[in-house]
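Worksheet: the structure to be examined is printed underneath.
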Amino acid sequence: MAEIKVDCINETCPVPLVETRKALRKASSGDIVEVIGTHPSSKEEIPMAARAMGLKVIGVEEEDGVWKIRIKK
């Protein structure tokens, strides 16, 4: 199992979602993709997209305007 980090700090839509999708395509089953960013609407869109792909969203955290989303493939 690998952990893949996607850094989208200071990126705006649609970059965080596009980069997350790319990472999820590369990931193997069981891998964890961790996305960090600052764009507020991406924090909502990425978990929705992951669930729509049938993936498990492990957690969404936010601290000082920086969010972190963990998705298991």
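Assorted remarks:
- On inspection, Lys43 passes the criterion of being within 18 Å of Gly65 (Cα to Cα) and among the basic types (Lys, Arg).
- If you go through region 1-19 and keep only what is part of a helix (DSSP H, G or I) and touching an Asp or Glu at 6+ places or on another chain (Cβ under 9 Å), you end up with Pro16, Leu17, Glu19.
- Candidates Glu3, Glu62 - the one that is out of contact with any strand residue (DSSP E or B) (no Cβ under 6 Å at 6 or more places or on another chain) and either without any contact (Cβ under 8 Å) to a residue 60 or more places away in the chain or surrounded by fewer than 16 Cβ atoms within 10 Å (Cβ to Cβ) (or both): Glu62
- Among the residues of region 10-40, those identified as under 15 Å from Val60 (Cα atoms) and aliphatic (A, V, I, L, M) are Leu17, Ile32, Val33, Val35, Ile36.
- Number of residues in region 22-44 that are assigned to a helix (DSSP H, G or I) and surrounded by 17 or more Cβ atoms within 10 Å (Cβ to Cβ): the value is 4.
- Those residues of region 45-73 which are hydrophobic (A, V, I, L, M, F, W, C) and assigned to a strand (DSSP E or B), in sequence order: Val57, Ile58, Val60, Val66, Trp67, Ile69, Ile71
- Filtered residues of region 40-70 (kept if under 12 Å from the mean Cα position of the chain (by Cα), under 16 Å from Val6 (Cβ atoms) and not charged (D, E, K, R)): Ser42, Ile46, Pro47, Ala49, Ala50, Leu55, Val57, Ile58, Gly59, Val60, Trp67, Ile69
All of the numbers you see were taken from the coordinates with simple rules; none came from a lab. As the structure is a computational prediction, the values presented were derived from the model and not from experiment. Glycine gets a Cβ as well: all are built from the backbone with ideal geometry, and neighbour counts include every protein chain shown.
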